[in-house]
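Report on the structure given below.
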Amino acid sequence: MLFAVGEKMSRKEIGAVMVVGGGIAGMQAALDAADSGYYVYLVERSSSIGGLMPQFDKTFPTNDCAMCIVSPKLVEVGRHINIELLTLSEVQNISGDEGNFEVSLKQYPRYVDMNKCIACGLCAEKCPKKVINEYDGSLSKRKAIYVKYAQAVPLKYAIDPDNCLFLTKGKCRACEKFCPADAINFDDQPKDMTLNVGAIILSGGCKTYDPKLHDVYGYSKSSDIITSLEFERILSASGPYGGHMVRPSDKKEPKKIAWLQCIGSRDVHIGAKGYCSSVCCTYAIKEAMLAKEHSKEPLDAAIFYMDIRTHGKDFERYYNRARNEYGVRFVKSRITNIVPADSGDQLIRYLDESGNRVEEKFDIIVLSVGLEVTKTISSLANTNNIRLDAYGFVKTNSFEPVSTSRPGIFVCGSFEAPKDIPSSVIEASASAGSAGNCLTESRWTLTRQKELVKETDTRGEPPRIGVFVCCCGTNIAGVIDVPAVVEYAKNLKSVAYAEQNMFSCSQGTQDNMSIIIKEKRLNRVVVAACTPKTHEPLFQETLTNAGLNKYVFDLTNIRNQCSWVHKSTPEAATEKAKALVRMAVAKVELMEPLREAELQVNQAALVIGGGIAGITAAKTFSNQGYHTFLIEKSDRLGGQSLHIHQTWQGEDVQQNLSRMTAGIRADKNIDIFTNAEIIRTDGFVGNFKTTIRTEDKTEELIHGVTIIASGALELKPDQYLYGKDERVLTSLELDRKLIGNDPDISQKKTALFIQCVGSRIPERPYCSKVCCTHSIKNALELKKLNPDMDVYILYRDMRSYGLREDLYREAREKGIIFIRYHADQGIDVSLDEQDLKVRFTDTVIRRKMEINPDLLVLATAITPPAKNPLAQQYKATLNNDGFFMEAHIKLRPVDCATDGVFICGLAHAPKPIDESIAQAVAAATRAITLLARKTIYTSGTIAEVIPAACSSCGVCVSICPYSAPSFIEETARFFPGKANINPALCKGCGLCVASCRSGAIRLKGFDNDQIFAQIYAL
């Protein structure tokens, strides 16, 4: 437990963690646990890791290529010296206790020797047996010997025992005959093994609902009725149609596509599930937008929905963009069946919002299928005394959201509840941190140290450049003539080798690149592929593994900057790609090895904000042995949680908050400062200096990492008679009355809740996420206090996402009335003598209605502070809404762009208590991966002052957004008064170089001669 009472019992701790499930959550949990000092066994039932994410075309709300952002993560896991992959493996039994578990596993045969397989693909080419390819759904076929996808990790073939002709019928063995590496082993047998670990993380993920189970839509009868995951594969460049959007039945481009929402979710029929799957609305919006981009002709894209649930960060903006900019149609109607039309199209009948009966034909129907737990992982939990809910998800509580009912075993991702990628990644980091709380004494006891490859001394050697051009499936090769670019590169000056790769970021290509660098004696490398933002570190590590300095490298972006923006002009795109490669070669020819400075990491942490997220983060640091400073600007700890009655699961917030507050006040490893204000910040990752002012003194705190948990505010509205009539309350004001057991509340006869007060409007185009569930919970509480009370909720879209849907259903069953209103029609609240009068238009009956409540509750927006000095003080970016931005919305959701600074709770975005706590543990865990190293390295790409040329004008000091330049003290022996740049603060942006009037600053890796070489090459 995070806030356990008393000391740990004396027991043997094993410094290893087992992660069960190799999807995106499992991979993140494994990486964070390994980087925190524990040896990790990553157990995956299939032949390779990755889960569902590699099957997606793009990710919402940024429309980033899914494979492009997950591929570096795959390779990182595959390369990590302290992560052991156990593929084709299943956990059979778990015995023992927290800190010392014994886990029995069964590893099923691959029938291919992984040490011999070179993934050449000749076996699959010669295999005569074709079967349905699960990776592409029902849209393509694979061979009986296969890899799941081209970038799979491990990139080793496996034989499907259920379909192999030899294993089922005793004949064939073609793969064995043609394998050049003698890797086929038909004598392979299942292996039983036992492993001892200190903690276990269950990240078994989920599967998509199978619409054949309740086939009211005719999914099994028409190839043009497909699931959303199959449509992802149609859109994907690596999919069965090479990214060309065609109708499966006739391979023609569709003109009309419909998405039907809530297939298998929010449905109590046999085979379906009552909960909301959380992701379907937003992924349907994404697919509709991408379909319009793919289509050569105008495409009619329509989404049929019950409620649009774009409750995540930036999701509402995404929804508005789809509707207003892309022209995606949103039709509020739940479709119950599809009728085949004579033309071969699919016919849908529905009532529109005006009550008119409509018939429409569509070329493709996409079923937005929900998520559900797999039977295998559910069975594992059941047989090992891990409590599950009625749907088979792991039962957790709001204050320990990744802890299972069995101590030492944790959960993350969609095995806890249906959720999107950022939430899964956050929980993954949180589960790794929770595992670390159990194993502090055994950190680094079982880990291995990576042997660094000695860097080859290339001084004095003429440049020998290797050029690797990526096809990226058809992302690049579908537009650019990649072989032509490769042939062109071979003839450029100093190019000693050039080749094309199907996927340059795959583990196989990375390993092969390392071999080629050594064999061809390459001393500089150019990769023509996608964006350096996500892939540069991956290729740099490959250079390091090959013995090259990682800075004699350039990654030129022929995807984002060429193939994606010049789809309609492939010949011109090819010429531009050649020019980009030519420029990169010209630059890299002049590049020299750069060095990185080593920095010591101060072993203390600073947490800003004493709300429930800050309290949790501070306790996580302390539990793992790190001294923590907790700063709170008010005189009390607790933040907004002080005003909340219950969580959505019914837990008493005040009781739990009191326990948590008492826990950190008694913790000698945590220094708490209330009524504190930050007045100055200095330093950098590993060595921050923060000066605070309290009531009676000023104090300087030195710390290695910073957590921003500064919270947010409840909007105080200027509408609906708020502040003018005591019967009009905000949600939190009602909570305070419920906390205080106000007897007046139970005497009310009619209560009315108004949703989206201040949210989802032009001034605040975001959803505050908690309001719908909060209102439902409070409405149920009012009904509990007075069953005869009439309770109404006026809403735009009821966003009771995930398992919260059960609350929504319970509320309707108990007589709470939900009435939908349109934002553009508005709600009028007035006084009629002494009575409150609320007028609005009911969108279902299309009539004006009036209710006279004696309690009016406004579900007001969660808002960031109007001014946020922390953003400037810690160089952390705010988004358009004023919340702190993460480094990457999907894969780094708690990291800031500034190294060593992390975010959690309401400072990041509106969210409920359980998600704030999970994010707080995640943020602390990500910070601990830095603290645990004790030393870190600066970048080599930093600015450097030439003192003799510096005129001490101070422009660089004033213009740098990171405060890296400063003046050398006048009393210094060398170069007094001249500018100097702190390498730990410098981000290599080049602003100081461009602004220096004296030309006294150079940016390593971007010297003038290198830039001019690129210009002249162009």
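The values are calculated or read from the model by the stated rules, or taken from the named source; none is laboratory data. Worth saying up front: this structure is predicted, and the values here are computed from it rather than measured. Because the Cβ atoms are built from the backbone with ideal geometry, glycine has one as well, and the counts that use them run over all protein chains shown.
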Return a yes/no flag: does the stretch 485-500 have any residue that is among the polar types (S, T, N, Q), in contact with a strand residue (DSSP E or B) (Cβ under 6 Å, 6 or more places away or on another chain), closer than 19 Å to LYS73 by Cα and outside any loop (DSSP other than H, G, I, E, B). no
Under 7 Å between Cβ atoms, which residue pairs at least 6 apart in sequence (or on different chains) link something in the stretch 434-456 that is closer than 27 Å to SER514 by Cβ with a partner that is of a type in the set (Ser, Thr, Tyr) and assigned to a helix (DSSP H, G or I)? VAL453/THR544
Mind listing just one residue for me: the one in the stretch 242-258 that is in a loop (DSSP other than H, G, I, E, B) and of a type in the set (A, V, I, L, M, F, W, C) and, of those, surrounded by the most Cβ atoms within 10 Å (Cβ to Cβ)? MET245
What pairs can you find where one residue is in the stretch 633-659 and within 24 Å of LEU803 (Cα to Cα), the other is assigned to a loop (DSSP other than H, G, I, E, B) and not polar (S, T, N, Q), and their Cβ atoms are less than 6 Å apart, with a gap of 6+ or different chains? VAL653/ILE644; ASN656/PHE399
For the stretch 838-853 the number of residues that are farther than 23 Å from LYS332 by Cβ and in contact with a Leu (Cβ under 7 Å, 6 or more places away or on another chain) is 2
Quick one: would you say SER429 is at pLDDT 95 or above and out of contact with any strand residue (DSSP E or B) (no Cβ under 8 Å at 6 or more places or on another chain)? yes
Would you tally the residues in the stretch 690-718 being surrounded by fewer than 22 Cβ atoms within 10 Å (Cβ to Cβ) and within 24 Å of PHE883 (Cα to Cα)? 8
Lone unmet requirement of (1) assigned to a loop (DSSP other than H, G, I, E, B); (2) within 21 Å of VAL894 (Cα to Cα); (3) acidic (Asp, Glu) for GLU13: (2)
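Residue-by-condition table, conditions (1) among the β-branched types (Val, Ile, Thr); (2) more than 29 Å from GLU886 (Cα to Cα); (3) assigned by TED's automatic domain parsing to the domain that holds ALA272; (4) out of contact with any Ser or Thr (no Cβ under 9 Å at 6 or more places or on another chain):
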{"position": "THR310", "(1), (2), (3), (4)": "yes, no, yes, no"}
{"position": "GLU316", "(1), (2), (3), (4)": "no, no, yes, no"}
{"position": "ARG329", "(1), (2), (3), (4)": "no, yes, yes, yes"}
{"position": "ASP342", "(1), (2), (3), (4)": "no, yes, yes, yes"}
{"position": "ASP345", "(1), (2), (3), (4)": "no, yes, yes, yes"}
{"position": "GLU353", "(1), (2), (3), (4)": "no, yes, yes, no"}
{"position": "ARG357", "(1), (2), (3), (4)": "no, yes, yes, yes"}
{"position": "ALA381", "(1), (2), (3), (4)": "no, yes, no, no"}
{"position": "VAL402", "(1), (2), (3), (4)": "yes, no, no, no"}
Considering residues of the stretch 503-544 that are of a type in the set (Lys, Arg) and part of a helix (DSSP H, G or I) only, the residue modelled with the lowest pLDDT: LYS533
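For (1) within 30 Å of the chain's Cα centre (by Cα); (2) surrounded by fewer than 18 Cβ atoms within 10 Å (Cβ to Cβ); (3) part of a loop (DSSP other than H, G, I, E, B), each residue gets a yes or a no:
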residue: PHE186; (1), (2), (3): no, yes, yes
residue: ILE201; (1), (2), (3): yes, no, no
residue: TYR217; (1), (2), (3): no, no, yes
residue: GLU232; (1), (2), (3): yes, no, no
Specify the residue that is nearest to ASN545 (Cα to Cα); the eligible residues are those in the stretch 487-514 that are surrounded by fewer than 19 Cβ atoms within 10 Å (Cβ to Cβ) and among the aliphatic types (A, V, I, L, M). ALA496
From the options GLU813, GLU805, GLU850, GLU781, residue that is over 15 Å from LEU729 (Cα atoms) and free of Cβ contacts under 8 Å to residues at least 12 places away in the same chain: GLU813
Return a yes/no flag: does the stretch 860-882 have any residue that is of a type in the set (Val, Ile, Thr) and part of a helix (DSSP H, G or I). no
Does any residue of the stretch 971-979 turn out to be part of a loop (DSSP other than H, G, I, E, B), surrounded by fewer than 18 Cβ atoms within 10 Å (Cβ to Cβ), in contact with a strand residue (DSSP E or B) (Cβ under 8 Å, 6 or more places away or on another chain) and not aromatic (Phe, Trp, Tyr)? yes
Those residues of the stretch 274-295 that are under 23 Å from CYS767 (Cβ atoms) and either of a type in the set (A, V, I, L, M, F, W, C) or outside any helix (DSSP H, G or I) (or both) come to a total of 13
Name every residue in the stretch 681-704 that is more than 23 Å from LEU930 (Cα to Cα) and part of a strand (DSSP E or B), in order of residue number. ILE692, ARG693, THR698, GLU699
Please go through the stretch 303-337 and give me each residue that is surrounded by fewer than 21 Cβ atoms within 10 Å (Cβ to Cβ), under 27 Å from the mean Cα position of the chain (by Cα) and assigned to a strand (DSSP E or B), ordered by number. PHE330
With modelled with pLDDT under 95, farther than 30 Å from PHE884 by Cα and either assigned to a loop (DSSP other than H, G, I, E, B) or out of contact with any Phe, Trp or Tyr (no Cβ under 9 Å at 6 or more places or on another chain) (or both) as the only criterion, which of SER939, SER952, SER966 stands out? SER952
Matching residues in the stretch 53-110 - criterion: being closer than 24 Å to ASN475 by Cα, out of contact with any helix residue (DSSP H, G or I) (no Cβ under 6 Å at 6 or more places or on another chain) and assigned to a loop (DSSP other than H, G, I, E, B): THR62, ASN63
How many residues of the stretch 737-795 are of a type in the set (Val, Ile, Thr) and surrounded by fewer than 21 Cβ atoms within 10 Å (Cβ to Cβ)? The answer is 4
For the structure I just gave you, tell me whether LYS520 is surrounded by fewer than 22 Cβ atoms within 10 Å (Cβ to Cβ), touching a Phe, Trp or Tyr at 6+ places or on another chain (Cβ under 6 Å) and at negative phi. yes
With the checklist (1) more than 31 Å from the chain's Cα centre (by Cα); (2) in contact (Cβ under 8 Å) with a residue 24 or more places away in the chain; (3) within 23 Å of ARG173 (Cβ to Cβ) in hand, flag the one item ALA119 doesn't pass. (1)
Could you count how many residues in the stretch 909-932 are outside any helix (DSSP H, G or I) and either buried (at least 24 other Cβ atoms within 10 Å of the Cβ) or among the hydrophobic types (A, V, I, L, M, F, W, C) (or both)? 4
